[in-house]
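Structure, as structure tokens:
The values are calculated or read from the model by the stated rules, or taken from the named source; none is laboratory data. Here the structure is a predicted model, which is why all the values come from computation and not from measurement. Every residue, glycine among them, receives a Cβ derived from its backbone with ideal geometry; neighbour counts consider all protein chains shown. To get the accessible areas, we keep the full protein, side chains included, count just its heavy atoms, and leave off ligands, DNA and RNA. Shrake-Rupley method; radii C 1.70, N 1.55, O 1.52, S 1.80 Å.
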Amino acid sequence: MTDAAGVAGAALIIFNKSTGKVDEAHFCGLSAGFKSDYVRHYAALDPYAPLLDGSWKELSECLPDRLLRSSEWYNDFILTCGVRDILGARLVDTSGHCVIFGIHQQIGRSFPDSVDSVVNLADIPLKHAAWRHIERLSSPRPAIFDLSQTEVSAEGSRFYFHVDNGSRYPDETGSVFSTADDATAHAIVVAQELAEDGSWHGSSILVTDDRGHEIVRVRIGR
């Protein structure tokens, strides 16, 4: 995603609402070497994460320069990482956890014009993956279950992509994907292609597994 967006790094942070601390943090690119500093000290000083919701927001548009200039988090952590700006969103917000994801642009550069299309394409798969991860954190499963799931994923599963606009146009054959996230990403691509024909606007792509369970619904057009 960082390559596609033309940015220099990213971070995914899982906050535990019960403890007020970070349960997990994953940093790549510019900030990769500073993860422990964030978890140990700067997470408690972060003024940006609490402002995020389900939409994508730039740090520079959320907080005024005067506040950033006086922020220890910004001056001693963000700038030290070599980061100029962040584009982030809250992927998941439950009673127990919230998951924050952000992509980082380095000092001296701005976000490219293409970044909006990249995050729009990745938004649903990212949120779906974050939900699955939080479910695993909340309900740990035995290792033998995890092994069997890995084996199934390696072989792939069949997913069906129905077009629904009040009347359903069923997909009888389906397609094989390694994960539900991959199937969701494919549904987004199909929806974007159908959106080029205005007659499909208001319809949606309904993705189901081989047992008929709904995986995701992707709206076509606006």
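Table for the structure above
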| read-out | value |
| --- | --- |
| Sequence of PHE177, PHE159 when ordered by accessible area, the most exposed leading, probe 1.4 angstrom | PHE177, PHE159 |
| Within the accessible area of the chain (1.4 Å probe), percent carbon and sulfur | 50 |
| Per DSSP, loop GluC sites (Glu not before Pro) in the stretch 162-222 with at most 12 further Cβ within 10 Å | GLU172, GLU196 |
| Accessible-area value, THR173, 1.4 Å probe, nucleic acids and ligands omitted, Å² | 100 |
| Rounded accessible area per residue of the chain, 1.4 Å, Å² | 55 |
| Stretch gain in nm, segment VAL190-VAL176, where the contour uses 0.36 nm per residue and the Cα spacing is subtracted | 3.5 nm |
| Options [x] 58, 55, 39; [y] 59, 47, 29; [z] 52, 36, 34 - which one matches Cα extents along the principal axes in Å as calculated here | [y] |
| Largest to smallest accessible area among TRP73, TRP131 [probe 1.4 Å] | TRP131, TRP73 |
| Under 19 Å from LYS57, Cα to Cα: aspartates and glutamates that are on another chain or at least 8 residues apart | ASP46, ASP65, ASP85, ASP93, ASP113, ASP116, ASP123 |
| Helical contribution to [θ] at 222 nm, DSSP H n ≥ 4, -39,500 (n - 2.57), averaged over the chain, rounded to 500 | -9500 deg cm²/dmol |
| Contour minus Cα-Cα distance for TYR169 and GLU72 (0.36 nm per residue) | 29.4 nm |
